[in-house]
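Notes for the one structure printed next.
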Amino acid sequence: MHGNLIAGEWVNGTAVPNINPSDTSDVIGDFASGTAQDATDAIAAARAAFDTWQFSAPLERHAILSKTAAELMARRDELGALLAREEGKTRAEATAEVGRAAQIFDFFAGEALRLTGEAGASTRPGIEVAVTREPAGVVGLITPWNFPIAIPAWKIAPALAHGNTVVFKPASLVPASAHALVDIIHRAGAPAGVVNLVMGPGRSVGQTMIEGDLDAISFTGSTGTGAMIAMESAKRQRRFQLEMGGKNPMVVLDDADLDTAVRACLDGAYFSTGQRCTASSRLIVTEGIHDRFVAALRDAIAGLNVGHALNDGTQIGPVVDQSQLDSNLEYIAKGEAEGAAREIGGEVLSRETAGFFQRPALFTGCTNDMTIAREEIFGPVAAVIRVRDYDEALRVANDTPFGLTSGICTASLKHASDFRRKSQAGMVTVNLPTAGVDFHTPFGGRKGSSFGPREQGAYAREFYSTVKTAYINAG
Ligand SMILES: NC(=O)C1=CN([C@@H]2O[C@H](COP(=O)(O)OP(=O)(O)OC[C@H]3O[C@@H](n4cnc5c(N)ncnc54)[C@H](OP(=O)(O)O)[C@@H]3O)[C@@H](O)[C@H]2O)C=CC1
Ligand SMILES: O=C(O)CCC(=O)C(=O)O
């Protein structure tokens, strides 16, 4: 049994088996499902630890974060295999994700040592002004299943670097990566109560956190849960940060390099089985390149190797579970019912092991008001929308309730620059996939995709710290 970590002690609970989506006969292990009481205990432990940790020396925080980074990097193959086994992304993708988590901890080890604050003169003679940063307090971190180690890393590392204590609730589908990460941080020397892990259901553990004595909550997941966290946090005047869905457009113009565009769309739409909030799910293509682009993308999809996440040569792993697969199939049926043409894919595939395998699906003849062009599917399904020219492409790209990422493939500096300026998204790419971003740059979106300060990079301090202005009359 893999327990929860509360106040520095591993605590058992009801054992829940963790199932491999590439092979449902493979049980990765038993993980404790925590209770509402565990969440309450974890919050109390984090609150008690905050008294001391908030004043901990930057060098102590640096040491814990660096040690965590080093162990993650040294064990990235082993932890990558574990992650691939529980989430279903390919071994290469999962190993890269563990490496990314290591780099994130390394970056925030540096942030812990970076001087922040400003000093200056008051408008009143003889008085000095100092602006300093203090930790936000006890923070609750609620994370999704699609990046089981990178997303927890980019919340826990800045939280610790800036002197906060943490209650971390991972998604129920991926406890193994969360457990391994917290075990590493614990052994790296985080004092008791500074990082608490409470695995367990959102409706009990998560709900208790949302209603509990937390100073801040950072959440990544669905729009519905995010909206509920926003309401509950506003009631309590508590700071919150939300990363939710996307319906990210990739514009392909006539002058695009065809290979670049196809590679960017194949990666953006389908890698990680399309289960990325940054996935390109709307491919907005101008008339002159449309048919060539569709034919080339269809061929590329036909050549993709869909299979067990741990097999050599697999390019697309399984969908994460039966309910996500059912949801993908419902969207595919809706796409057809609303008049889109299924060019290729969408069918469930059987392999040697019992897993949730699905061939990536490409729809053409879509309009931007169809369900498959408006709602986040979170699976390997993309909709091609044909447009006349760049102006129409830009209008369609921005016509969405979301605003996380957007991309354009073009050789035109004029159109690329205009798109960069006018795209209503938090992150824009040119001749690159919309997914797969750096670890040291701000991450977040606009409109229905995100709320609150950006995550990652130095910008993370806006959420994990609060500013104090001091006036000093030294005379
Ligand atoms: N932007 C992104 O990165 C992601 C977006 N999504 C979107 O969300 C959809 C559904 O995915 P799903 O995993 O169900 O997303 P959820 O929002 O349900 O889950 C995200 C996290 O919130 C927790 N949670 C669920 N309900 C509550 C609650 N009432 N109070 C507090 N915490 C709660 C979950 O716990 P538990 O796992 O125990 O339910 C999980 O840890 C996807 O199809 C996709 O559209 C999903 C994942 C990532
Ligand atoms: O595309 C990326 O690099 C990150 C995507 C992500 O964070 C997500 O899908 O939740």
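The values are calculated or read from the model by the stated rules, or taken from the named source; none is laboratory data. Just so we're clear, the structure is a prediction, and the values are computed from it rather than from any experiment. Positions of Cβ are backbone-derived with ideal geometry, glycine not excepted, and every protein chain shown enters the neighbour counts. We work out accessible area using only protein heavy atoms, side chains counted, and drop any ligands, DNA or RNA first. Shrake-Rupley method; radii C 1.70, N 1.55, O 1.52, S 1.80 Å.
Can you give me the % of accessible surface on the stretch 212-293 that is carbon or sulfur? Probe 1.4 Å, all protein chains present, nothing else counted. For the stretch 212-293, the apolar C and S fraction of the accessible surface comes to 51 percent.
Here the extension length gained between Lys334 and Glu134 equals 67.0 nm, from 0.36 nm per residue of separation less the Cα-Cα distance. Across the stretch 81-94, coupling constants 3J(HN,Hα) worked out from phi with the 6.51/-1.76/1.60 Karplus curve, θ = phi - 60°, read 5, 5, 5, 4, 5, 8, 9, x, 6, 5, 4, 5, 5, 5 Hz, and Gly and Pro carry x.
Report the charge-dipole magnitude of the stretch 249-430 in Debye, nearest 20, computed about the Cα centre from +1 at each Lys and Arg Cβ and -1 at each Asp and Glu Cβ.
340
Sorting Glu134, Glu243 by accessible area puts them as Glu134, Glu243; the probe is 1.4 Å, largest comes first, and only protein heavy atoms count.
Taking every DSSP beta bridge that has both ends in the stretch 249-430, the antiparallel portion is near 20%.
Keeping all protein chains in place, calculate the accessible area per residue for the stretch 131-240 (probe 1.4 angstrom), answer in Å².
27
The tail of the calculated P(r) for the chain beyond 29 Å holds 50 percent of all Cα-Cα pairs. Atom-type composition of the exposed protein surface of the stretch 1-90 places 57 percent of the accessible area on carbon and sulfur (1.4 angstrom probe). Note on the chain: helix-only mean residue ellipticity at 222 nm, from DSSP H runs of 4+ residues weighted -39500 (n - 2.57) and normalised by residue number, equals -12000 deg cm²/dmol. Across the chain, the mean sequence separation of Cα contacts (distance under 8 Å, 6 or more residues apart), normalised by length, yields a relative contact order of 18 percent. Once both labels are positioned 7 Å from their Cα atoms along Cα-to-Cβ, the gap between Gln424 and Arg298 label points is 3.3 nm.
Comparing Thr90, Asn311, Thr469 along the charge dipole axis of the chain, the residue lying farthest to the positive side is Thr469, per the Cβ-charge model. Scalar couplings 3J(HN,Hα) for the stretch 131-139, obtained by applying the Karplus form with A = 6.51, B = -1.76, C = 1.60 to θ = phi - 60°, are 10, 10, 10, 10, x, 5, x, 8, 10 Hz; x denotes Gly and Pro.
Using a probe of 1.4 angstrom and keeping all protein chains present, the accessible surface of the stretch 249-430 works out to 38 square angstrom per residue. When the square roots of the Cα gyration tensor eigenvalues are ordered a ≥ b ≥ c, the ratio a/c for the stretch 229-332 is 1.5 or more and a/b does not exceed b/c, which makes its shape oblate. Look at the dipole of the chain built from charges on Cβ: of Val16, Gly448, Met73, the Cα furthest out on the positive end belongs to Gly448.
Could you tell me how far the Cα centroid of the stretch 403-475 sits from the Cα centroid of the stretch 186-231, in Å? First find each Cα centre; the distance between them is then 24 Å. Structure note, pairs Lys89/Lys414; Lys169/Lys447; Lys89/Lys247; Lys247/Lys422; Lys414/Lys447: Cα-Cα distances above 28 angstrom occur for Lys89/Lys414. Label-to-label distance, Asp438 versus Arg114, with points set 7 angstrom from Cα along the beta-carbon direction: 1.2 nm. Here the spin labels are modelled as points 7 Å beyond Cα on the Cα-Cβ line, and at Gln315 and Val348 they lie 2.5 nm apart.
Distances between placed amide hydrogens fall under 5 Å for Gly200 paired with Gly34, all partners being 5 or more residues away or on another chain.
Computed with every protein chain present, the accessible area of Cys277 is close to 20 Å² [probe 1.4 Å]. Each of Leu5, Asn431, Val166 was placed along the dipole of the chain (beta-carbon charges, centred on the mean Cα), and the one lying farthest toward the positive end is Val166. Taking only alpha carbon atoms, the stretch 377-475 gives an Rg to Rh ratio of 1.15, where Rh is the Kirkwood radius. Computed from the C-beta positions of Asp399 and Thr223, the FRET efficiency with R₀ = 22 Å rounds to 0.80.
Applying 0.36 nm per residue to the separation of Asp369 and Ala63 and subtracting their alpha-carbon distance, the gain on full extension is 105.0 nm. Peptides 452-460, 377-385, ordered by how many other C-beta atoms sit within 10 Å of their residues on average, highest first, read 377-385, 452-460.
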